[in-house]
Amino acid sequence: MSSKGNGKPGLAWPDHDSGPVPPGEYQSREREEDRKTRRPLALWDRVKILVLLLGVWFILVWYTMVQFQGIMPFADALNQTARAQGWLLVLAGLELVRQIHYFVAEHWAAYYRFFTERLFGGWDRRLHRINDWNRFRIARALKWVLVLVVLDLAVAQILGVSPALALFQLPVLAFQALPFAVQLVFYFFIIIFQFVGLFWFLSRGGVDVYFPDDVKTRFTDVWGQDNVLSKIKENMVFLEDPESIEERGGYVPGGVLLWGPPGTGKTLIAEAVAGETGRPFVFVDPGAFIQMFMGVGILKVKSLFRKLRKLAVRYGGVIVFFDEADALGSRGAIAQQGPWGGHMSAGVWEHTPACNGLGYLSHDTASLLLQSSLGTGAEERRGPQRDRIMMGGMGGGGGGMGTLQALLTELSGLKKPRGFINRVVRRILGMRPKPPPKYRILVMMATNMPQALDEALLRPGRIDRIYKVGYPSKVGRIRTYDGYLAKVTHSLNEQEIDKLATITPYATGATIKDLVNESLINAIRDGRDSITWRDVVKAKQLKDLGPPEDVEYIERERHAVAVHEACHAVIAHQARRHLTIDIATIEKGGTYLGMVASIPPEDQFTRWRSEYEADIMVSLASLAGERLFFDGDNSSGVSGDLESATKIATLMEGYWGMG
């Protein structure tokens, strides 16, 4: 005897005689728009409005009988209530017709298709020809009219006056209730507002809105980042004409992350996007979500995206820009410490007078050594600690305490229906809420620490495109110099501008702007209006090395510093084929005794073993030279050189396979 299945797709009861019955094929739940008939209503959903009206009817009948102190028969009370409260019968009749309509639509496919596709569907298609903002405003006005009509009828019924005069009675009633209302407001302010108002106040600020034509920046104002701009313009096309990709089955990319070194133009690119599109530009301050109390950051996120949705409907789109997005934090690991794990101290560099141990290294090598040292020396000098005590607080934090989670939800959460009537009233009436409009929100973020961002924030659907805004190429630097020099008076020719772009290999838009401005200051200090090549070189030296100290070496130290730097310069000239000496000086600065700095004559993107070996040779040249010239003696100025050489050698041996 075999057992029967339970009737559910994909499930079957085992047959102990013939073995288990193979489960049937699973059937996916049908979408609402794919149904041929209306989804059947439950019995309670079908009768609940009628039950409510019937209950109100009997209450009114009972009230009529009470007015006559029980001497009126029930039948007479029914007749009098029917004559006085005819609107209840009208509502009951309309509800009965609605339920009959639903019942027929649940069993007759052609009838259901006629109403959904031709009648109501055609009406919706005509409505969507109207601009979203205009449709939103018209619907809101009609809702207010409906609310006023209902309020008018209710007041007329309560006061026993004509509906035409009912609303005019409200100011009189409000004036009569004014003393009591003042007391309520006072109690509300004293008891509730001290908490609610505080959170409301803390949830404000940190968000600036720039409306169309407030942003004057255009793509022509962004120099040296043509490759990034070409990609950004694609997002512009989709923001201006989203149907061009949606009609083909795609979706509009809604998130862009710009990452790269500081000063390369990430914020400027975002401003240019806002200026080109003519859409509102919302700037979110990096510290906007760092709050004293837990939960305030979540309120700010909710308030921000509520504002974004309104602006998107009003203007057809909106751009929100999170500057320094790494301030949002991550739910996972804290900041990475690099391959050294925080065990090599920068303390020697900080406290021992020496030559600039990083100045003569290549830029990539110097950056690598700095990254492996930053944030570790102070921790190591404090020594081991036990029983650490953290002072109590009330939260703080940016991406923590649910703020980041709230932002992730808003970026790609469920698009829930909006509005009280749409969400509540339509569900009570058994009608499906209308979906919200498509909010055209372009989220742009900028950071120079992409590794600090949460992985969930960077997934497609939230941040769809990630662009590196790196150092400009030589052509980009020339274009940037031309742009900023065009704003001032100068005597530089094309060859000098080309040479200037060559000797500033890692210059960004911000540093180039600052260099031109410093050159102008030098010219004004000398009583001139035009910038010369000498002004530019002087400004570059000031920015690279800092202002020199007005001190005089004693003769022995002058000779020692000169030997030290000369050894660096000689070996750099002999051993390096990829760098050219740019500056060699023994003039004392704020953090160095002397300086030998090199630059790459061409843009370079790969590093070789021979180049690192040359860096080690240049680092050790100072020690060898001092011992050679001073009979085996050497100064403490070689400390930074030895640390640099040790780190480079360790990285070559342990990480790069260059042993």
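The values are calculated or read from the model by the stated rules, or taken from the named source; none is laboratory data. All figures in this text were calculated on a predicted structure; none of them were measured in a lab. Counting neighbours? That spans all protein chains shown, and the Cβs are built from the backbone with ideal geometry, glycine included.
Miscellaneous remarks
- When 62, 44, 57 are checked against the criterion of being out of contact with any Pro (no Cβ under 9 Å at 6 or more places or on another chain), assigned to a helix (DSSP H, G or I), exposed (fewer than 10 other Cβ atoms within 10 Å of the Cβ) and at pLDDT 80 or above, a single residue qualifies: 44.
- From the options 262, 242, 286, 253, residue that is touching a residue at least 12 places away in the same chain (Cβ under 8 Å) and more than 23 Å from residue 450 (Cβ to Cβ): 242
- The single residue among 159, 151 that is among the hydrophobic types (A, V, I, L, M, F, W, C) and in contact (Cβ under 8 Å) with a residue 12 or more places away in the chain turns out to be 151.
- Reported count of residues in segment 232-273, each being among the acidic types (Asp, Glu), surrounded by fewer than 21 Cβ atoms within 10 Å (Cβ to Cβ) and closer than 14 Å to residue 319 by Cβ, is 1.
- All positions within segment 585-625 that are closer than 15 Å to residue 561 by Cβ, at pLDDT below 90 and not small (Gly, Ala, Ser): 585, 586, 587, 588, 591, 592, 593, 595, 596
So that you can scan it fast, the table gives a plain yes or no per residue for (1) modelled with pLDDT of 75 or more; (2) surrounded by 13 or more Cβ atoms within 10 Å (Cβ to Cβ); (3) under 30 Å from residue 37 (Cβ atoms):
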site	(1), (2), (3)
70	no, no, no
89	yes, yes, no
94	yes, no, yes
107	yes, no, yes
135	no, yes, yes
141	yes, no, no
156	yes, yes, no
165	yes, no, no
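- Enumeration of residues in segment 492-521 that are more than 11 Å from residue 264 (Cα to Cα) and in a loop (DSSP other than H, G, I, E, B): 492, 493, 504, 505
- When 541, 495 are screened for being buried (at least 16 other Cβ atoms within 10 Å of the Cβ), of a type outside the set (A, V, I, L, M, F, W, C) and over 37 Å from the mean Cα position of the chain (by Cα), only 541 passes.
- Condition check for residue 477: assigned to a helix (DSSP H, G or I) and under 38 Å from the mean Cα position of the chain (by Cα): yes
Rundown of residues vs (1) crowded, with 16+ Cβ neighbours inside 10 Å; (2) touching a Gly at 6+ places or on another chain (Cβ under 9 Å); (3) part of a loop (DSSP other than H, G, I, E, B), yes/no style:
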residue: 422; (1), (2), (3): yes, no, no
residue: 432; (1), (2), (3): no, no, yes
residue: 435; (1), (2), (3): no, no, yes
residue: 439; (1), (2), (3): yes, yes, yes
residue: 442; (1), (2), (3): yes, yes, no
residue: 445; (1), (2), (3): yes, yes, no
residue: 451; (1), (2), (3): no, no, no
residue: 461; (1), (2), (3): no, yes, yes
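- Filter result for residue 646 (more than 40 Å from the chain's Cα centre (by Cα), at pLDDT 90 or above, assigned to a helix (DSSP H, G or I) and β-branched (Val, Ile, Thr)): yes
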